[in-house]
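Scroll down for the structure; my scribbles are underneath it.
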Amino acid sequence: MEKTNVMRILEAENIPYTPYEYDESITEGVVIAKILGENEECVFKTLVTVGSDLKNYVFVIPVAEKLDLKKAAKAVGIKNVEMIKQKQLFPLTGYIHGGCSPIGMKKQFKTVIDETAIIVDKFFVSAGKVGKQVETSPLEIARLSGADFCDLVV
């Protein structure tokens with residue numbers, strides 16, 4: 001399997017991970033969870049937003065859930081946030097839709113991970129490319145990204 005920047009970052013930090021690969025045409029998180037043979041609550045997606053303060057924020061939530069924009073804004077201490085436009089994702093983060101990871105972005109943004117990540121048996125996030133995921137520790141991802149844990153879903 002081709003290594004991604006996310007995998008290289010995890011290795012450089014001596015963080016254990018297990019890589020997974022699947023068909024690149026699949027970008028729907030719930031389908032990816034099924035392909036991995038895992039519960040939807042263990043597989044997380046990375047969402048990038050822009051706040052009322054014009055700064056960008058990253059939120060990591062279970063794939064089957066919807067981000068509560070009010071909770072998200074409160075978690076980062078601003079009035080409101082909204083999703084960025086898909087065409088803005090790559091220039092901003094270096095990642096494309098379906099392959100966005102909370103670590104290894106061009107610039108590190110304030111990141112918040114849904115609090116359920118610390119109670120699930122396993123934790124999966126994108127490995128930074130469509131068709132690749134890594135299973136690793138949510139605490140290590142939080143440490144690397146400077147993330148907090150908060151209730152973020154509807």
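List the strands (runs of 3 or more DSSP E) inside segment 1-64, counting only whole elements, that have at least 3 residues being surrounded by 16 or more Cβ atoms within 10 Å (Cβ to Cβ) and at positive phi. Step through it out loud before you land on a result.
Working: elements: 18-21, 44-51, 56-62.
Correct list: empty, since no element meets the threshold.
Since Val81 meets every condition but one in (1) in contact (Cβ under 8 Å) with a residue 60 or more places away in the chain; (2) more than 22 Å from Val30 (Cβ to Cβ); (3) in contact with a Phe, Trp or Tyr (Cβ under 8 Å, 6 or more places away or on another chain), which condition does it not meet?
(1)
Looking at the structure I just gave you, is Gly99 over 20 Å from Glu13 (Cα atoms), surrounded by fewer than 19 Cβ atoms within 10 Å (Cβ to Cβ), in contact (Cβ under 8 Å) with a residue 12 or more places away in the chain and small (Gly, Ala, Ser)?
Details: over 20 Å from Glu13 (Cα atoms): yes; surrounded by fewer than 19 Cβ atoms within 10 Å (Cβ to Cβ): no; in contact (Cβ under 8 Å) with a residue 12 or more places away in the chain: yes; small (Gly, Ala, Ser): yes.
Considered against the rule, which asks whether it is over 20 Å from Glu13 (Cα atoms), surrounded by fewer than 19 Cβ atoms within 10 Å (Cβ to Cβ), in contact (Cβ under 8 Å) with a residue 12 or more places away in the chain and small (Gly, Ala, Ser), Gly99 comes out as no.
Being over 12 Å from Leu47 (Cα atoms) and outside any loop (DSSP other than H, G, I, E, B) is the filter; apply it to segment 89-105 and report the residue that is farthest from the chain's Cα centre (by Cα).
Filtering first and then ranking leaves Pro91.
Restricting to segment 106-130, give me the number of residues that are part of a strand (DSSP E or B), out of contact with any Ser or Thr (no Cβ under 7 Å at 6 or more places or on another chain) and within 15 Å of Lys45 (Cα to Cα).
4
Taken together, the values in this text are just the output of simple stated rules run on the coordinates, not laboratory data. Bear in mind that the values here come from a model prediction, so they are computed numbers and not experimental data. Backbone-built Cβ (ideal geometry, glycine too); neighbour counts: all protein chains shown.
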